[in-house]
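Remarks on the structure that follows.
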Amino acid sequence: MAAYALTSCTFVLLLAAAGADYKYDTKWFKVPLDHFGYQRNETFNIKYLVNEEHWDRGDGPIFFYTGNEGQIELFAKHTGFMWDIAEEFKAKIVFAEHRYYGASMPFGNKSLDNNHIGYLSSGQALADYADLINFLQNNAVKPRYPVIAFGGSYGGMLAAYFRMKYPHLVAGAIAASAPVHMFPGMLPCDVYHRIVSSSFAVANKTCRENIRQSWSIIRNFAANKTNAAWLEKQWKLCDPVKDNGDIQALIDFLQSMYETLAMVNYPFASDFLLPLPAYPVRSACQYLTPKLTGQNLLEGIGKALQMFTNFNGKSKCVDYKKGDDYGNLDASGWDYQACTEMIMPMCTNGINDMFEPNPWNFTQFSEECHKKYNVYPRPDAARLEYGGDRLQAASNIVFSNGLLDPWAGGGILTSISDTVKAVVMIDTAHHLDLMPKNRDDPESVKMTRQEHKRNIEQWIQEFRHQREDRKN
């Protein structure tokens, strides 16, 4: 979606502010396995979290978070903006869990098997949310409560799509850091990694150049068994580096580390994906400046690696073979979605970014997906289903993006109409505007939240006026 070493006292205070604990009731709602066919009649339960502490049952809105790729409690904890404004709007808060994530598994622990994963899609999830909203509105033909959708990242995409697909159920949507324009043919494939590299250059240009030069050094160094043993000890790796496959896994893990640090480069300590200090890119770069070479560079990378994987001191070693499956998100099903409908081409060239050259090869990607899931990607699926940035027919959506966020490259950065608006924050990372308010929030985030509130108020009033008109 972050200062140098903090004292333990300061860290505890900032972390508490960054991820507050909220009270909610955990409930379950029965949904069809398949909303779009008529031959399978199975059902299963999705989880949702509810807080009615400030809700005006007579007229209050429903703030509805469209859950994304992970257990819903994580998003409830870190989407403090909804909680912060609930009393002001007298709103009911609902966080709905996405099917196939968290505990909302249609087939239990077999759900992610190839024989059962086929009902994981954004369209099925949106239909789940539509059924849940209908239930929360007491199945009313003329709904009583205005519903405002919220979401960040993939959840932000879903919030926007929810308004687009079900405008009769959703009065408006706050879509934060939503890369709705990141599908094939919509933008250059190197945009994401250019922004990652830019975030490191903003922290320190020498840091970026050290990272750019490190890849060949790591490969050559790790190819020697004695050096590999040194890496295992120095970097505290869970597994030794034995062959080229292990070297590639380590390289992939490091690249993912830099990507994640850029995405969650928040101005306060946070445990959103995993525990990290304030401005974690800057924190990593303190070990990668000045210009370093050889073993000195590897020692610096090892220190950054420890900061990334063990900031809270609870990790015994670096499990580099886990790939992206680390931290708090538990997004195991996302790879399947990325292999079917959510095709987001990415590439690197080592010139405009700080990574090894890696061109986008759809044929290779497609064959890898088929090998894993026995499916072939449909590269045009999301464009045909949701439209990318061709949203002139949509309404009542605010797209917010921070320019330090790598996903902003696929975001809506200019307003499309008077009712499909873009808000850009030049100095923020991944959906910071949806997080709990913090004393270290940039002014751009504070202003964006005020803009969100103005739009929410307008959407609620429009809904109420329309409801009165229907009555008359």
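Hey, does the stretch 88-98 have a residue that's closer than 21 Å to G151 by Cβ and either at pLDDT below 95 or part of a helix (DSSP H, G or I) (or both)? Break it down stepwise before answering.
Of all residues in the stretch 88-98, those closer than 21 Å to G151 by Cβ come to 88-89, 91-98.
Now drop any that are not either at pLDDT below 95 or part of a helix (DSSP H, G or I) (or both), which leaves 88-89.
The answer is yes, given that some residue of the stretch 88-98 is closer than 21 Å to G151 by Cβ and either at pLDDT below 95 or part of a helix (DSSP H, G or I) (or both).
If you take the residues of the stretch 233-253 that are assigned to a helix (DSSP H, G or I) and open to solvent by less than 60 Å² (accessible area, probe 1.4 Å), which of them is nearest to S283 (Cα to Cα)?
First, the residues of the stretch 233-253 that are assigned to a helix (DSSP H, G or I): 233-234, 244-253.
Now restrict to residues that are open to solvent by less than 60 Å² (accessible area, probe 1.4 Å): 245-247, 249-251, 253.
On the way: G245: 30, D246: 27, I247: 25, A249: 24, L250: 21, I251: 20, F253: 18 Å.
If we take residues in the stretch 233-253 being assigned to a helix (DSSP H, G or I) and open to solvent by less than 60 Å² (accessible area, probe 1.4 Å), then F253 is nearest to S283 (Cα to Cα).
Out of all the residues in the stretch 116-173, which are open to solvent by 10 Å² or more (accessible area, probe 1.4 Å) and of a type in the set (F, W, Y)?
Selection gives Y119, F135, Y145, Y166.
Only one of K303, K314 is more than 21 Å from the chain's Cα centre (by Cα) and either part of a helix (DSSP H, G or I) or crowded, with 16+ Cβ neighbours inside 10 Å (or both). Can you tell me which? If you could, list the steps in order and put the result at the bottom.
On the way: K314 fails: either part of a helix (DSSP H, G or I) or crowded, with 16+ Cβ neighbours inside 10 Å (or both).
Checking each option against the conditions leaves just K303.
Go through F135, F162 for me and flag whichever is within 24 Å of P406 (Cα to Cα) and not in a loop (DSSP other than H, G, I, E, B).
On the way: F135 fails: within 24 Å of P406 (Cα to Cα).
None of the other options fit; the residue is F162.
How many residues, within the stretch 17-51, are farther than 30 Å from H116 by Cα, open to solvent by less than 60 Å² (accessible area, probe 1.4 Å) and in a loop (DSSP other than H, G, I, E, B)? Give the derivation first.
Of the residues in the stretch 17-51, the ones farther than 30 Å from H116 by Cα are 17-24, 51.
Filter again for open to solvent by less than 60 Å² (accessible area, probe 1.4 Å), leaving 17-20, 22, 51.
The next check asks that each one be in a loop (DSSP other than H, G, I, E, B); those that pass are 19-20, 22.
Within the stretch 17-51, residues that are farther than 30 Å from H116 by Cα, open to solvent by less than 60 Å² (accessible area, probe 1.4 Å) and in a loop (DSSP other than H, G, I, E, B) number 3.
Is there any pair with a first residue in the stretch 329-356 that is outside any loop (DSSP other than H, G, I, E, B) and a second that is among the polar types (S, T, N, Q) whose Cβ atoms are under 8 Å apart and which are 6 or more apart or on different chains, and what are they?
Qualifying pairs under 8 Å: Q337/S121; Q337/S122; T348/N358.
Checking the conditions here, which among A228, A262, A278 is in contact with a Pro (Cβ under 8 Å, 6 or more places away or on another chain), open to solvent by less than 40 Å² (accessible area, probe 1.4 Å) and either on the phi > 0 side of the Ramachandran plot or not in a helix (DSSP H, G or I) (or both)?
Values: A228 fails: either on the phi > 0 side of the Ramachandran plot or not in a helix (DSSP H, G or I) (or both); A262 fails: either on the phi > 0 side of the Ramachandran plot or not in a helix (DSSP H, G or I) (or both).
Selected residue: A278, the only one of A228, A262, A278 that is in contact with a Pro (Cβ under 8 Å, 6 or more places away or on another chain), open to solvent by less than 40 Å² (accessible area, probe 1.4 Å) and either on the phi > 0 side of the Ramachandran plot or not in a helix (DSSP H, G or I) (or both).
Do any residues in the stretch 423-436 that are within 13 Å of Y279 (Cα to Cα) have Cβ atoms under 8 Å from those of residues that are among the polar types (S, T, N, Q) and open to solvent by less than 10 Å² (accessible area, probe 1.4 Å), where the two are at least six apart or on different chains, and which pairs are they?
That search, which allows pairs on different chains as well, returns A429/S199; H430/S177.
The values are calculated or read from the model by the stated rules, or taken from the named source; none is laboratory data. Predicted, not measured: the structure shown is a model, and the values here were computed from it. Cβ coordinates were reconstructed from backbone atoms using ideal geometry, including for glycine residues, and neighbour counts include every protein chain displayed. We work out accessible area using only protein heavy atoms, side chains counted, and drop any ligands, DNA or RNA first. Shrake-Rupley method; radii C 1.70, N 1.55, O 1.52, S 1.80 Å.
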